[in-house]
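Visitor: Please find one structure pasted underneath; my questions will follow.
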Amino acid sequence: MSRSESGSIRSVLVVDDSIFMRRMISDMIERFPGYRVVATAADGEEALRLIERHDPDLVTLDIEMPRLDGFGVLKRVMGSRPRPCVVLSAYTATGSEAALRALELGAVEFVAKPSGPISFDVAKVEGHLFEALEAAAAADLDALLEERRGEITRPVALAVEGEESVVVIAASTGGPRALSFLLGTLPASLEAAVLVVQHMPAGFTATLAARLDGVSKLPVTEATGGETVVANHVWLAPGNFHMRLRRFEREVRIVLDQREPLRGTRPAADALFPTAAALYGKRCIGVVLTGMGRDGADGLAAIRAASGRTIVQDEATSVVFGMPGRAIAQGAAEQVVPLDRVPEAIVECLSAIAERGRDTTT
């Protein structure tokens with residue numbers, strides 16, 4: 001469960017080897033309502049000592065530090081005294097790899113910080129840092145750290161020719177681990193295209209796509225725009241771009257744009273889901289996984305209104321129940337299931353769609 005109660009002052013330990021960054025991050029956090037910095041640390045060893053002394057509710061953590069780096073801190077903390085950690089990672093290819101590894105080790109969220117010379121541009125991350133701390137404060141660490149393995153042995157019923165289906169998925173906080181399990185469990189012969197919106201900055205989604213491709217039986221790529229949507233392939237929306245679907249004659253293609261963020265989010269599932277509902281109707285399956293906020297709820301309602309199928313992750317297995325909870329509250333969820341059951345629920349829906357298609361052609 002989350003360590004701090006709603007409405008209380010949450011204590012934060014700031015860990016960074018740069019004194020400038022420690023001061024900058026601390027000043028930001030002190031301006032946030034409901035947060036206070038109880039201590040700062042210049043390296044991982046000092047961080048562990050201060051965690052023992054102050055027992056902070058939250059930790060912000062740099063990766064590259066002397067003596068003990070952020071990965072070492074995460075392993076020690078999550079193995080003995082778990083608490084929500086937010087990682088600050090450089091806005092580089094190396095930084096994106098580090099951020100995703102940190103999420104795998106148990107960090108709740110990450111914030112991309114500017115790379116290169118120390119600059120007051122660091123202040124631009126303030127909004128993202130506040131959102132990350134809010135997500136971390138709401139996180140269920142039991143759900144985050146639970147190891148899951150799954151396998152689907154039942155075949156997916158073959159779709160009727162010309163009756164392609166699509167699966168659209170939304171995720172935010174806790175999403176990379178949930179997606180790793182989900183895509184790693186779905187069968188190679190899914191008989192549907194899969195499109196994923198994971199809230200993540202530009203420059204990080206390509207790395208996530210590569211990591212997911214390594215665990216998935218289906219090929220996973222970051223969308224670049226213009227791709228023809230075909231079965232048995234997964235596309236991940238790139239950071240800072242909305243992903244939508246559009247019909248071009250007999251083909252459905254992926255279209256990217258940089259229209260206004262939806263409720264502060266780009267990419268947003270609420271940009272993708274309605275276009276999938278309009279094009280695929282009853283052959284569309286919408287899935288909302290763990291995440292902060294309300295993205296995906298309106299889009300899932302559009303899918304259900306178009307006679308599509310909708311699946312929402314339950315509270316017990318969600319790291320943050322914001323997005324799933326909102327979808328349920330709006331009446332958009334046909335099924336509410338634990339993460340372990342989501343892959344099987346998708347396969348069951350696809351098989352039912354295929355069987356129904358056969359019945360209408362005979």
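Visitor: For the stretch 307-315, state whether one or more residues are at pLDDT 95 or above, surrounded by fewer than 24 Cβ atoms within 10 Å (Cβ to Cβ) and among the small types (Gly, Ala, Ser).
Guide: yes
Visitor: Against the definition (farther than 18 Å from ILE311 by Cβ, buried (at least 23 other Cβ atoms within 10 Å of the Cβ), in contact with a Pro (Cβ under 9 Å, 6 or more places away or on another chain) and modelled with pLDDT of 85 or more), how does ALA137 come out, yes or no?
Guide: So ALA137 passes the test.
Visitor: Right, another one. Of all residues in the stretch 88-100 being at pLDDT 85 or above and of a type in the set (A, V, I, L, M), which is nearest to LYS113 (Cα to Cα)?
Guide: Checking each candidate, the answer is LEU88.
Visitor: VAL287 passes all but one of (1) at negative phi; (2) surrounded by fewer than 24 Cβ atoms within 10 Å (Cβ to Cβ); (3) of a type outside the set (Asp, Glu); which number fails?
Guide: (2)
Visitor: Go through the stretch 222-247 residue by residue and tally those that are assigned to a strand (DSSP E or B), under 16 Å from the mean Cα position of the chain (by Cα) and over 18 Å from LEU350 (Cβ atoms).
Guide: Residues in the stretch 222-247 being assigned to a strand (DSSP E or B), under 16 Å from the mean Cα position of the chain (by Cα) and over 18 Å from LEU350 (Cβ atoms): 4 in total.
Visitor: Within the stretch 62-90, work out how many residues are out of contact with any Phe, Trp or Tyr (no Cβ under 9 Å at 6 or more places or on another chain) and touching a residue at least 40 places away in the same chain (Cβ under 8 Å).
Guide: Start the filter on the stretch 62-90 by keeping residues that are out of contact with any Phe, Trp or Tyr (no Cβ under 9 Å at 6 or more places or on another chain), which leaves 62, 64-85, 90.
Now narrow it down to the ones that are touching a residue at least 40 places away in the same chain (Cβ under 8 Å): 62, 64-66, 70, 73, 78, 82-85.
Residues flagged as out of contact with any Phe, Trp or Tyr (no Cβ under 9 Å at 6 or more places or on another chain) and touching a residue at least 40 places away in the same chain (Cβ under 8 Å) within the stretch 62-90 amount to 11.
Visitor: Shifting gears a bit: Evaluate the following for ASP55: is it farther than 24 Å from PHE181 by Cβ, modelled with pLDDT of 95 or more and of a type in the set (D, E, K, R)? Quick ask: steps written out before the conclusion?
Guide: Numbers: farther than 24 Å from PHE181 by Cβ: yes; modelled with pLDDT of 95 or more: yes; of a type in the set (D, E, K, R): yes.
For ASP55, the condition - farther than 24 Å from PHE181 by Cβ, modelled with pLDDT of 95 or more and of a type in the set (D, E, K, R) - is met.
Visitor: Which of the residues spanning the stretch 171-198 are assigned to a loop (DSSP other than H, G, I, E, B) and more than 17 Å from the chain's Cα centre (by Cα)?
Guide: Hits for the stretch 171-198 are LEU186, PRO187, ALA188, SER189, LEU190, GLU191.
Visitor: Here are some residues: ILE346, ILE303. Which one is more than 25 Å from GLU260 (Cα to Cα), in contact (Cβ under 8 Å) with a residue 12 or more places away in the chain and buried (at least 23 other Cβ atoms within 10 Å of the Cβ)?
Guide: Of the residues listed, the single one that is more than 25 Å from GLU260 (Cα to Cα), in contact (Cβ under 8 Å) with a residue 12 or more places away in the chain and buried (at least 23 other Cβ atoms within 10 Å of the Cβ) is ILE346.
Visitor: Out of GLY7, GLY34, which single residue is at pLDDT below 95 and surrounded by fewer than 18 Cβ atoms within 10 Å (Cβ to Cβ)?
Guide: The unique qualifying residue is GLY7.
Visitor: Out of the residues in the stretch 28-75 that are of a type in the set (D, E, K, R), in contact with a Leu (Cβ under 7 Å, 6 or more places away or on another chain) and not in a strand (DSSP E or B), which is nearest to ALA136 (Cα to Cα)?
Guide: LYS75
Visitor: Would you confirm whether or not the stretch 71-87 contains a residue that is β-branched (Val, Ile, Thr) and at pLDDT below 90?
Guide: no
Visitor: Does the stretch 222-246 hold any residues that are touching a helix residue (DSSP H, G or I) at 6+ places or on another chain (Cβ under 6 Å) and more than 21 Å from GLY296 (Cβ to Cβ), and which are they? Walk me through it before giving the result.
Guide: Pass one, the stretch 222-246, residues touching a helix residue (DSSP H, G or I) at 6+ places or on another chain (Cβ under 6 Å): 222, 236, 238-239, 242-245.
Residues satisfying the conditions do not exist here.
The values are calculated or read from the model by the stated rules, or taken from the named source; none is laboratory data. All values derive from a computational prediction rather than experimental measurement. Neighbour counts run over all protein chains shown; Cβ positions are idealised from the backbone, glycine included.
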